[in-house]
């Protein structure tokens, strides 16, 4: 907890923003990455407001606008029109697309809900009527079954067993990058693995034979270097070349290397796309219903999981062929 508070609290931020970020961490259990996203959005919002309301000179650089003097009196004067002006600013001057603007709307809604319902320092919530930009749903990017096999076959080199195990877990379990990096050996029990997901929520991941075999093979190699592993890192499953818990950047670079080696687009497929691949392959080949997939992936809302219910062109083509009327013209010709 001490780490989180020290990491979040910032004297350059308005007091209420620090309180809000602390609330997200201690009460809502949001991850550091999520909290940093909220912080970045709110810093931009308040810098814009000071410029928009003429509180500062137009000559000052946007990134140099100080916001630590924003108090409750300032917050009470914020209206819905100010929020829309900010969203318009992010589109016109920051080139934010619908996804980025939707995230900022979510940040503002959450912040003003906190000010109104928890901090109780505003009498009216200006963000209640703030609308979210329409987002066109996009199918997730994923590897086909053949491409997944090609990726696994491309793994070699000094860290082959470790890297093979990492990519096997991605492709079979649909783990998030942060979840994979934080795996502890003590949390592996037979064919089950316990991970800490979003919001510090614990969930059980079930391991198939490929995962169990890959972990066993890697541990055999890892244990040969046991004397080089410090006490603080002994429980970490995946280690870097320096025998410390592997970090996200190392995994990202490793995945990119093998994706390229397999002849695939290294700019397109990331660890998160391997999570998409696992989910898609389970749904496509495993006859997995959406609620089961939701639990496997650790999604809070089933609406998030529904992006994996897309079907490929072959299934669409087959569905049309199976229509009982598909041979009607042929039958008519036979009757003539």
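Nothing in this text is a laboratory measurement; each read-out follows from the coordinates by a stated rule. Since the structure is predicted, the reported quantities are computational estimates derived from the model, not experimental observations. Cβ sites come from the backbone with ideal geometry, for glycine too, and all protein chains shown count toward neighbours.
For the residues 230, 55, what sequence is obtained by ranking on other C-beta atoms within 10 Å, fewest first?
230, 55
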Given 293-299, 115-121, the highest-first ranking by average Cβ count within 10 Å works out to 293-299, 115-121
Could you sort 36-42, 231-237 so that the peptide with the highest average Cβ count within 10 Å comes first and the rest follow in order?
-> 36-42, 231-237
Which of the peptides 184-190, 242-248 is most tightly packed, and how do the rest follow, judged by the mean count of other Cβ atoms within 10 Å per residue?
-> 242-248, 184-190
To the nearest Å, what is the center-to-center distance of the range 99-119 and the range 238-255, using C-alpha atoms only?
-> 35 Å
Please give, to one decimal in nm, the separation of the simple spin-label points placed at residue 233 and residue 95, each 7 Å out from Cα toward the Cβ.
-> 4.0 nm
Separation of the residue 285 and residue 124 label points, Cα + 7 Å toward Cβ, nm = 5.8 nm
Pair residue 247, residue 27: separation of 7 Å Cα→Cβ label points (nm) = 3.3 nm
Is the chain rounded, prolate or oblate when judged by the Cα gyration tensor, a ≥ b ≥ c being the square roots of its eigenvalues, rounded requiring a/c under 1.5 and prolate requiring a/b larger than b/c?
-> oblate
Prolate/oblate/rounded label for the range 145-313 (Cα gyration tensor, a/c 1.5) | oblate
Do the sum for the chain: with -39,500 (n - 2.57) for every DSSP H run of n ≥ 4, divided by all residues, what is the mean residue ellipticity at 222 nm, to the nearest 500 deg cm²/dmol?
-> -16000 deg cm²/dmol
Contour minus Cα-Cα span, residue 325 to residue 265, at 0.36 nm per residue, comes to 17.5 nm
Additional length obtainable on full extension of the chain from residue 60 to residue 156, 0.36 nm per residue less Cα span = 29.2 nm
Relative to the longest principal axis of the chain, what angle (0 to 90°, nearest 10) does the C-alpha long axis of helix 15-26 take?
-> 30 degrees
Note the full-extension length gain between residue 11 and residue 132 as 0.36 nm times their separation in residues minus their Cα-Cα distance, in nm to one decimal.
-> 40.5 nm
